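Asker: The structure under discussion is supplied below as structure tokens; questions concerning it will follow.
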Amino acid sequence: MSRRDLGSAWSNDSSSLMGDPSVESRNDYRPEIDGLRAIAIIPVVLFHIGCPWFQGGYLGVDVFFVISGFLITSLIIKDHDRGQFEFMRFWLRRIRRIFPALVVMLVLTSLAGKFLFAGSDLYSLGTTGLAALLSFANVVLWKLTGGYWGPTAESLPLLHTWSLSVEEQFYFLYPFLLIFLSRFSKKRVFNIIFALALISYIAYLYGSVHYRSATFYLLPTRVWELASGCLLAAAQWKGSRKPGGNSIGAIAGLATIIISYCFLSIDISFPGAATFIVVGSLMVIAFATNQHGLAHRLLAAPPMVFVGKISYSLYLWHWPILVMTRNQFQGGTKPVSNWVLLLLIFFVSTASYYMVEKPTRHWDRVLPSAFAAFCVSAGLSCCLIMGLWSPDIAIYRAVLWRGRQYDVTPVQKEWHGYLKKRMEGIQAPMRDKTCRDAYKTSGILKTYGSNGVDIVVLGDSHALMWAGVLDDIAKDLKLNISFFSVDGVNPFLMMAGDSSDLEGWNGEDEALFLKARKQRINEWRPKVVMLLTRWSIRDGAETTALFKALEQNHCRVLTLEQPPELLFGDKNTARELIARKIFPKPGANQYIQREKNKYESGRQLVAQLEKKHPFFQCIRIADIFMRADSLAWVLDGDRVLYIDDDHLSEDGARKARDRVKVAIEGALK
């Protein structure tokens, strides 16, 4: 086949997110599959933009996976039966379809990120950009974010490339399997793919409960979705005919997809929930072939087909645009309208389709051009990773975080990867090595008084945020204090097993920690228990068991009002200040925009608990850091008062020291 012939064959080839239907003749073109792509991409974009109608809009990616499996299997089988299949020809098609638009997005996003981001955000952008080029962004993002809805996810402009990497890994491995199996009987092909799909589905069900993040990102637990489309194509091949049109079946499939978008969500889900959207997608592909059926006419309508054709560009561009505009204008007095964002996404995606996707389908010299583009994008990513554009935070006084000295985590490790970059420039001394077993004995115990333990500190990273100040206050008042605080652990846990997915913990450690904490409180009967957490992410129901135990021991329970949360997310505050051009001014206090809604819900929860439990009291400190115009105090001369969006630095915590000391003295009387 000549290069011109290869280009012609490619012009009609595709897979799911990557373009037009996989056919080699316009007579085989199925416009309803383009329409199904529109049904997949529109909810994804609306979900990410915050539309309440499609709480399960992220499931549109699952629809894409089903389409991918069906189209790619149909293409390989068709070429194989004609004696035209070649691995190199197959992968050149994939490169032509996937790479040009992807690399343009990566290059422009990297360049924009250089001006909009700082510090660890630049490192993350470079890391995910390089991973996307090498088709393992899903693995990197699994490790980097701690989940699709992890604390760092919404600040990553290339978060969405995880699904492209899943498909690319599938495209690399699957042709070998299919061609190998096709040398045997058609029946064996179907049966083996079915067996692999079943194994993957079982792994998905198990992982949805025990390993949610890995299950979401990694290929083995996504294979069943892709394989379901493969099975439909293989069944068609096995029967040597296309599935017959069935308008009722197609409408039922569409209804299943739409209902899944509307009623499944991050919070309303269960193991196997994605099964509904996969089955619905299969029904549409199988039964929407009747040109006179309602489903076909809806999906094949010109607007739906057009959106389906540009769906790859829409997917590529919508998330970087959303993240970067939010990063740039977040907290502004006039935030960007969602309608403006939708128009911008549509315009950029359409331009990408006509200026990049369509022209590059006919490139004769695709490999040299692709290699040059790869080098440019990889070079930009490496510059971001190495911090060549990172700002120097030495203009601020050194930022101190003493929390790690009071953390009873069984195995305390050095920070690495994203967390290491985010904490870069922050002094965070480790705890004394003699405290390794503190979690299962008496906590990190500081003795400044005579007998007994006067104060026990329970909490998560927000307890660690105040730990240094509380230790100093105990020393001043000659009190004994014990810290049973752990970064990332729900402080209200009363039973082992609830935190088994935490790094450095296992079931035995959890049981020993909770047992020791309960025994020490029963033994010491401390006068004061400091219960410190990020109240904006808590609910009242989880406090019941712990509050009951503390009340039975006649403990006075104090909490500290949560300091204002900043709007820029889980980022290094000093680097974010530089990015916003907020520099030290001797003797001046400087403020930035704060978050309101979640923060206020946390304050309301604390107020409700105070009314319900007479032994529970909140020490008000938020007014120290807040201004009436929704701003939060973040810089005192050259002292940075936060380390990220919700944790105070040691300098910040000291601002409330005197007020906390007075409250503790009052509680001890």
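Asker: In degrees, nearest 10, range 0 to 90: what is the angle between the Cα axis of helix 186-210 and the longest Cα principal axis of the chain?
Answerer: 10 degrees
Asker: In a shell of Cβ-Cβ distance under 12 Å around residue 638, excluding residue 638 itself, what net charge do Lys and Arg (+1) and Asp and Glu (-1) give?
Answerer: Values: positive: 397, 585, 639; negative: 636, 651.
That sum, taken over residues with Cβ under 12 Å, equals +1.
Asker: Report, as a whole number in µm² per second, the diffusion coefficient that Stokes-Einstein gives for the chain at 25 °C and 0.890 mPa s using the Kirkwood radius over alpha carbon pairs.
Answerer: 89 µm²/s
Asker: Report the label-to-label distance for residue 441 and residue 291 in nanometres (one decimal), using points 7 Å from each Cα along the Cα→Cβ vector.
Answerer: 8.1 nm
Asker: Using a Förster distance of 25 Å, how high is the FRET efficiency between residue 386 and residue 430, based on the Cβ-Cβ distance and rounded to 0.05? Spell out each step's value before the answer.
Answerer: On the way: r = 26 Å, r/R0 = 1.05.
So, using R0 = 25 Å, E works out to roughly 0.45.
Asker: OK, next. Among rounded, prolate and oblate, which fits segment 100-229 when a ≥ b ≥ c are the square roots of the eigenvalues of its C-alpha gyration tensor, a/c under 1.5 means rounded, and a/b larger than b/c means prolate? Don't skip to the end; give the middle numbers.
Answerer: Working: a/c = 4.11, a/b = 1.81, b/c = 2.27.
Judged from the Cα gyration tensor, segment 100-229 comes out oblate (a/c at least 1.5, b/c at or above a/b).
Asker: Tally Lys/Arg at +1 and Asp/Glu at -1 over every other residue whose Cβ is under 12 Å from the Cβ of residue 35; what's the total? Please list the in-between numbers first.
Answerer: Details: positive: 30, 37, 297, 309; negative: 32, 34.
Around residue 35, the surrounding residues sum to +2.
Asker: Further question: Once both axes come from the Cα atoms, what is the angle between helix 597-612 and the longest principal axis of the chain, in degrees from 0 to 90, rounded to 10?
Answerer: On a 0 to 90 degree scale, this one is about 50.
Asker: Can you compute the equivalent ellipsoid semi-axes for segment 3-385, i.e. the square root of 5 times each eigenvalue of the Cα gyration tensor, sorted largest first and rounded to whole Å? Can you show the working numbers first?
Answerer: Values: eigenvalues 192, 117, 88 Å².
After scaling each eigenvalue by five and taking roots: 31, 24, 21 Å.
Asker: With +1 assigned to the C-beta of every Lys and Arg and -1 to the C-beta of every Asp and Glu, and no other charges, what is the dipole magnitude of the chain about the Cα centre in debye, to the nearest 20?
Answerer: Here the chain has a charge dipole of around 560 debye.
Asker: Could you tell me which residue out of 259, 292, 142 lies farthest along the dipole of segment 3-385 toward its positive end? Charges go on the beta carbon: Lys and Arg +1, Asp and Glu -1, centred on the Cα centre.
Answerer: Among 259, 292, 142, the one farthest towards the positive end of the dipole of segment 3-385 is 292.
Asker: In addition: In what sequence, highest mean first, do 174-181, 55-62, 359-366, 404-411 appear when ranked by Cβ atoms within 10 angstrom?
Answerer: Values: 174-181: 16.4, 55-62: 23.8, 359-366: 14.9, 404-411: 20.8.
Put in order of decreasing packing, that is 55-62, 404-411, 174-181, 359-366.
Asker: Also, quick follow-up: Given a Förster radius of 35 Å and the C-beta distance between residue 205 and residue 337 as r, what FRET efficiency does 1/(1 + (r/R0)^6) yield to the nearest 0.05?
Answerer: 0.30
Asker: Okay, moving on. Could you rank the peptides 30-41, 337-348 by their average count of other C-beta atoms within 10 Å per residue, with the highest value first?
Answerer: The most tightly packed comes first, giving 30-41, 337-348.
Asker: Moving on. Grab the other residues whose beta carbon is less than 13 angstrom from that of residue 551, score K and R as +1, D and E as -1, and report the net. The partial results should precede the final answer.
Answerer: Values: positive: 525, 548, 556, 612; negative: none.
Residues near residue 551 contribute +4 overall.
Asker: Want the number for residue 629 to residue 188: 0.36 nm per residue separation, take away the alpha-carbon distance, what's left? Display every interim value, and only then the final one.
Answerer: On the way: separation 441, 0.36 × 441 = 158.76 nm, distance 6.91 nm.
Once the chain is fully extended between residue 629 and residue 188, it gains 151.9 nm.
Asker: Something else about it: By how many nm would the segment from residue 328 to residue 615 lengthen if fully extended, with 0.36 nm per residue of separation less the alpha-carbon distance? Before the final figure, lay out each step's value.
Answerer: On the way: separation 287, 0.36 × 287 = 103.32 nm, distance 4.45 nm.
Between residue 328 and residue 615, full extension yields 98.9 nm more.
Asker: Still on this structure, I have one more. If R₀ is 60 angstrom, what is the calculated FRET efficiency for the pair residue 398 and residue 270, using the beta carbon separation as r and rounding to 0.05?
Answerer: Details: r = 48 Å, r/R0 = 0.80.
Result of the calculation: an efficiency of 0.80.
Asker: Quick one: angle between helix 87-116 and the longest Cα principal axis of the chain, in degrees between 0 and 90, rounded to 10, please.
Answerer: That works out to roughly 40 degrees.
Asker: Give me the distance between the Cα centres of segment 457-476 and segment 395-419, rounded to whole Å.
Answerer: 15 Å
Asker: Take residue 596 and residue 80, extend 7 Å from each Cα along the Cα→Cβ direction, and tell me the distance between the two endpoints in nm.
Answerer: In this crude spin-label approximation the distance works out to 6.0 nm.
Asker: So how far, in whole Å, is the C-alpha centre of segment 68-114 from the one of segment 607-669?
Answerer: Segment 68-114 and segment 607-669 have Cα centres spaced 54 Å from each other.
Asker: Rounded to the nearest 500, what is the chain's calculated 222 nm mean residue ellipticity when only DSSP H runs of at least 4 contribute -39500 (n - 2.57) each, over all residues? Mind dumping the intermediate values first?
Answerer: Details: 26 runs with 366 residues, N = 669.
Only helices count here, giving -17500 deg cm²/dmol.
Asker: With the crude spin-label approximation of a point 7 Å out along Cα→Cβ, what separation in nm comes out for residue 551 versus residue 365?
Answerer: 7.9 nm
Asker: Return a whole-number percent for the relative contact order of the chain, with Cα pairs under 8 Å and 6 or more residues apart as the contact set. Display every interim value, and only then the final one.
Answerer: On the way: 1140 pairs, mean separation 101.0, N = 669.
Contact order relative to length: 15 percent.
No value in this document is a laboratory result; all are computed from the given coordinates. Fair warning: this is a prediction, and the values are worked out from it, not measured in the lab. Neighbour counts run over all protein chains shown; Cβ positions are idealised from the backbone, glycine included.
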